[in-house]
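S.K.: Dropping the structure in here first, questions after.
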Amino acid sequence: MTITKADIEALDRQDPLRGHVAAFHRPDGLIYLNGNSLGQAPQAAIARASKVASGEWAEMLVTGWNRAGWWDLPRRLGDLLAGLVGAAPGELVVADGTSLNLHKVVATALAMQPDRRTIVMAGSDFPTDVYVVQGLIAQLGQGHTIRFAEADALDAALAPDVAVVILSDVHFKTARILDMAAITARAHAAGALIVWDLCHSAGAIPVDLNRSKADFAVGCTYKYLNGGPGSPGFLFAAARHHARMQQPLTGWWGHAEPFAFQRDFQPASGISRMLCGTQPILSMAVAEAGIALALSAGADAARAKSQALGALFLALLAEQLPQSGLLLSSPADASQRGGHVALDHPHGLAIMQALIAAGVVGDFRAPCTLRFGFSPLPLRYADIREAVARLATVMRDKVWQDSRYARRDAVT
Ligand SMILES: *Cc1c(COP(=O)(O)O)cnc(C)c1O
């Protein structure tokens, strides 16, 4: 049964999140399927950027730390975001970036496990996670090692020497979703702590950190939370660990009394001790708009729409391009797939560049994966229809074979 234009118009009319679509700026003629890498700009974020620069920074100057609430932003946004990922107020801060936060929580977790020296990670996970841990191990100089194990081989890797397990609940390339509660239970049964990387799940799928009994988590706000380029990351630590947490980046924002200006470090109580120093307030203030939109939509409604957009994309693709040569490398079962769809093709880079030139933005991950992100708040079902039509043209007319699409930019 073919999917008609009328079917798709009906989906948009009945979309419970159609009000959120209008909350985003839409670049002219562009169909943006890359909210899994950098989310679209909420209108409220654009307005906030101007207000925080001209109304707060320019007018209030240093008094803005109190009067505009800059000082409390990491905790206030943290409490806001906590509601979206199943954390309690006081368990999450928005600060620094994912990589830095990972350094802090892994160092903390290792210090809590002094008799264990192994860190279990998936070698296929987003590389920064591995790089950060490799650097930390070298710095600690205590003989820690990484045992690489993919999620399916976790049980064999969970020996009594494992201090910490680090995993992404949605894989950055394949979008495969892991069972956070079940894997956390297995790590705990082996005596290990677990750190979840939520970069591809916060804002895309429902996450319940406390119901899953997660120990620590990190993530970013610039993907599905639409926080803006380089917007701050976040860090979760379960309240039961707060009193024992010792992180290595002991700066004055993590001090018990930052304005007492004492000589020696005394950690703040609670999540504040995971802070280090002064935060990028312009960027952080702007990120609030996207977080607030995600909360107002609700994680379940966002998930349902994102799943429906992805399923529509694949159905239209199968209908219009049955012989495309684009192979689905994400789970075929939509319930096992996060917010994007990965398609592999030996000429993936050229195809994606030709598609971008045709006004459909996805991205490419070496060696051969095209990623199409289905960010639920800014997208309409009609956008998916138009995107597949343009992709079909690029493939059918072999537009991608033009030599100008073989060039690789710094950011793919
Ligand atoms: C995007 C992403 C990161 C990015 O880390 P930054 O420090 O924000 O650059 C880390 N981990 C995963 C799984 C990601 O998808």
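The values are calculated or read from the model by the stated rules, or taken from the named source; none is laboratory data. Please read these numbers as outputs of a predicted model, since none were measured by experiment. Every residue, glycine among them, receives a Cβ derived from its backbone with ideal geometry; neighbour counts consider all protein chains shown. SASA here: full protein model, heavy atoms, side chains in, ligands and nucleic acids out. Shrake-Rupley method; radii C 1.70, N 1.55, O 1.52, S 1.80 Å.
S.K.: Residue separation times 0.36 nm, minus the C-alpha to C-alpha distance between F261 and D208: what's the value? Walk me through the numbers on the way to the answer.
M.R.: Values: separation 53, 0.36 × 53 = 19.08 nm, distance 3.80 nm.
Extra length available between F261 and D208 comes to 15.3 nm.
S.K.: Counting alpha carbon pairs within less than 8 Å and at least 6 residues apart, what relative contact order, in whole percent, applies to the stretch 181-303?
M.R.: 25 percent
S.K.: On to the next question. What accessible area, in Å² to the nearest ten, does a 1.4 Å probe give for R13?
M.R.: Accessible surface of R13 is approximately 150 Å².
S.K.: Quick check on packing: order 342-353, 146-157, 284-295 by the mean number of other C-beta atoms within 10 Å, highest mean leading.
M.R.: In descending order of packing, they fall as 284-295, 342-353, 146-157.
S.K.: Moving on to the next point. Given a 1.4 Å probe, how much area per residue of the stretch 111-260 is accessible, in Å²?
M.R.: Working: 5630 Å² over 150 residues.
About 38 Å² of surface per residue is accessible.
S.K.: Here's something else I'd like to know. I want the local charge near A163. Using Cβ-Cβ distances under 10 Å, sum +1 for each Lys or Arg and -1 for each Asp or Glu among the other residues.
M.R.: Residues close to A163 contribute a combined charge of 0.
S.K.: Semi-axes of the equivalent ellipsoid of the stretch 109-188: what are they in whole Å, largest first, if each equals the square root of 5 times a C-alpha gyration tensor eigenvalue?
M.R.: That gives 21, 16, 10 Å for the three semi-axes.
S.K.: Let me ask something additional. Starting from a Cα-only point model with no solvent, please compute log10 I(q)/I(0) by Debye for the chain at q = 0.08, 0.11, 0.13, 0.14 1/Å.
M.R.: -0.45, -0.84, -1.12, -1.26
S.K.: Moving on to the next point. Using a simple spin-label model with points 7 Å from Cα along the Cα→Cβ vector, what separation in nm is obtained for R18 and A181?
M.R.: In this crude spin-label approximation the distance works out to 3.5 nm.
S.K.: If R0 is 35 Å, what FRET efficiency do you get for T393 and A189 from their C-beta distance, rounded to 0.05?
M.R.: Working from the Cβ atoms, E equals 0.10.
S.K.: Ok, one more. Taking the Kirkwood radius as the inverse of the mean 1/r across Cα pairs, report the Rg/Rh of the stretch 219-305. Walk me through the numbers on the way to the answer.
M.R.: On the way: Rg = 15.9 Å, Rh = 14.9 Å.
Radius of gyration relative to Kirkwood radius: 1.07.
S.K.: Something else about it: Per 0.36 nm of contour for each residue apart, how much would the distance between L327 and R244 grow if the chain were fully extended, relative to their Cα-Cα spacing?
M.R.: 25.1 nm
S.K.: Let me ask something additional. Report the antiparallel proportion of the DSSP beta bridges in the chain as a percent, rounded to a multiple of 5.
M.R.: Numbers: 22 of 40 bridges.
DSSP beta bridges in the chain are roughly 55 percent antiparallel.
S.K.: Next up: In what sequence, highest mean first, do 85-94, 331-340 appear when ranked by Cβ atoms within 10 angstrom?
M.R.: In descending order of packing, they fall as 85-94, 331-340.
S.K.: In Å², what does the accessible area per residue of the stretch 280-412 work out to with a 1.4 Å probe?
M.R.: On the way: 5220 Å² over 133 residues.
Result: 39 Å² per residue.
S.K.: Between 0 and 90 degrees, rounded to the nearest ten: what's the tilt of helix 5-14 against the longest Cα principal axis of the chain?
M.R.: Result, in degrees: 30.
S.K.: Along the Cα→Cβ direction, 7 angstrom out, place labels at K5 and N66. What is the inter-label distance in nm?
M.R.: 6.2 nm
S.K.: Applying a 10 Å radius around every beta-carbon, put 56-69, 355-368, 221-234 in order of their mean neighbour count, most first. Don't skip to the answer; put the middle values down first.
M.R.: Numbers: 56-69: 13.7, 355-368: 18.1, 221-234: 26.0.
Descending mean neighbour count gives 221-234, 355-368, 56-69.
S.K.: Leaving ligands, DNA and RNA out of it, report the carbon-plus-sulfur percent of the accessible area of the stretch 185-234 at a 1.4 Å probe.
M.R.: That fraction is 56 percent.
S.K.: In degrees from 0 to 90, rounded to the nearest 10, what is the angle of the helix 180-189 Cα long axis to the longest principal axis of the chain?
M.R.: Value to nearest ten degrees: 40.
S.K.: Considering Cα pairs under 8 angstrom that are at least six residues apart, work out the relative contact order of the chain and quote it in whole percent.
M.R.: Once divided by the residue count of the chain, the mean separation gives 22 percent.
S.K.: May I ask you to give the percent of accessible area on the stretch 242-386 that is carbon plus sulfur, with a probe radius of 1.4 Å?
M.R.: The computed percentage sits at 57.
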